[in-house]
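Here is the structure we will look at.
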C-alpha cells in the first residue's frame, strides 16, 4: 500500500535491534485518515472471506481494526492484556510473550463475544515474531472458531511471524512488507 | 444521541455499585458503525472550536477518538497507561486513580506530539468521577496548551466528573447523560 509505505519512509524512525518506531501515525499518535484507508484496503482484500467478526489486541491494534470493522460492517473485539488473571471462567485466555518488553502478558476475550459460527479476521499493527497473532489463534482454537484471515499493517518479513499463519493455510495480507532496516536508518520494502 | 441511548437500553447491563457494563459495543466488543456516528456527532458539536488535535487514554477511548479524528481531519494521540514510569524526560505524565479498580496508574504522552499552539479536544468513553479527564487536563497544563472541549460518550451525571470541566469553562458534550442506574437494572437518562 503506497500511501502507508510513503508514511513509513517519511515518518518512521529506525532504532537499534531492528526496531521501527511509528508512533507518529500508528501506535501513539494516530493518523485517522490513514487508518480509514487501511480499513478500506483490508475490507477489499478479505471481501471474499465472509468475515463475521474482527479480533485484535489492545491498544495499537484497535484503530486499524475498528476502521476495518467499519469498512466490512462487522463487530470488532479487542483482547485485553493483563499481567496476571485470576477469575477466568467467562474468558478465553492465552499467553503472549513480548520480545520488545521481554515480559509475558495474558490476553483475554469474553466468551460472550465469540460464537462457534464466527468467521474471524485477525487485525494487528505489527507482525514480527508473531506472538500476538499466535495468542489470538490459541484463543480461536479454544473457542473452536475459524480464522479466515490475518491482516497486518506492517510486517517485518525478515522475522518468522508469517510462518505460523502460512502453516495453517490462512490468508495473510500485510499492507507494508519490510525486508530490512539498515544500520544507516533506511527502511527497505519487499 | 438517540442511537446511543437505544443501544445502552438494549445492550447495557446494570451491575451493583453504579456500574454500567457496555462491553458489547464500546469497551471490549466495539460497534464500528456506532463509533463512526459518534465521531461525526462530536465533529458537529465541536466544529466551531478549531480543534487541531484529539487526546484520549488507552484503550476504551481509542475507537471513539479515532472516529472523531476522522470526522474532524485532525490527528489523535492516545495516552499510554503504566503501572510505574522511570524514564520520563521526553514525556508529559499524570497520575490517574481508578475507582473501579482501586489502583493508580501513570498516564503519559510523548512531548513530540503536543505543540503549544495546539487546540485540544479530549475524548473519552466514560465520565464518572473525572479521573481520566483530570489526568489529561494536568498534561495539557504541563504542556501549556488550550483544551477547547471535552467529548464524552457516556456521562454519569449523578457523579461529580463534570464539575472540573465546568469550573474551567471548557465546552463539555456528553452523548448519553445517565442520571440514575436503578436497583432493578434500569438506566434513566436526563
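The values are calculated or read from the model by the stated rules, or taken from the named source; none is laboratory data. No experiment lies behind these values; they were computed from the predicted model shown. Neighbour counts are summed over all protein chains in view; Cβ atoms, including those assigned to glycine, are modelled from backbone coordinates with ideal geometry.
When the helices (runs of 4 or more DSSP H) confined to the stretch A:1-97 are screened for residues that are under 22 Å from residue A:107 (Cβ atoms) and touching a residue at least 60 places away in the same chain (Cβ under 8 Å), those reaching at least 1 such residues are found at A:32-45, A:62-72. With respect to the conditions (1) more than 19 Å from residue A:134 (Cβ to Cβ); (2) more than 10 Å from chain B (Cβ to nearest Cβ); (3) within 18 Å of the chain's Cα centre (by Cα), residue A:29 falls short on a single one, namely (2). If you go through the stretch A:141-156 one residue at a time, do you hit one that is in contact (Cβ under 8 Å) with a residue 24 or more places away in the chain, within 15 Å of the chain's Cα centre (by Cα), outside any strand (DSSP E or B) and crowded, with 22+ Cβ neighbours inside 10 Å? The answer is no, given that none of the residues of the stretch A:141-156 is in contact (Cβ under 8 Å) with a residue 24 or more places away in the chain, within 15 Å of the chain's Cα centre (by Cα), outside any strand (DSSP E or B) and crowded, with 22+ Cβ neighbours inside 10 Å. Filtering the stretch B:57-67 to residues that are buried (at least 24 other Cβ atoms within 10 Å of the Cβ) and either more than 10 Å from every other protein chain (Cβ to nearest Cβ) or in contact with a helix residue (DSSP H, G or I) (Cβ under 7 Å, 6 or more places away or on another chain) (or both) leaves B:57, B:62, B:63, B:64, B:66, B:67. Between A:20, A:70, A:4, A:15, the distinction of being more than 12 Å from every other protein chain (Cβ to nearest Cβ) and over 13 Å from residue A:125 (Cα atoms) belongs to A:15 only. Residues that are in contact with a strand residue (DSSP E or B) (Cβ under 6 Å, 6 or more places away or on another chain), touching a residue at least 24 places away in the same chain (Cβ under 8 Å) and farther than 14 Å from residue A:142 by Cα within the stretch A:100-117 comprise A:105, A:106, listed in sequence order. If you check A:38, A:107, A:54, A:114 for being buried (at least 18 other Cβ atoms within 10 Å of the Cβ) and at the interface with chain B (Cβ under 9 Å from one of its Cβ atoms), only one passes: A:54. Cβ-Cβ contacts under 9 Å between residues 6 or more apart (or on different chains), taken from a first residue in the stretch B:159-188 that is at positive phi to a second residue that is not in a loop (DSSP other than H, G, I, E, B), are listed as B:185/B:13; B:185/B:14; B:185/B:15.
If you go through the stretch A:105-128 and keep only what is within 12 Å of the chain's Cα centre (by Cα) and at pLDDT below 95, you end up with just A:128. Taking the stretch A:73-101 as the range and being within 27 Å of residue B:54 (Cα to Cα) and more than 10 Å from chain B (Cβ to nearest Cβ) as the test, only A:82 passes.
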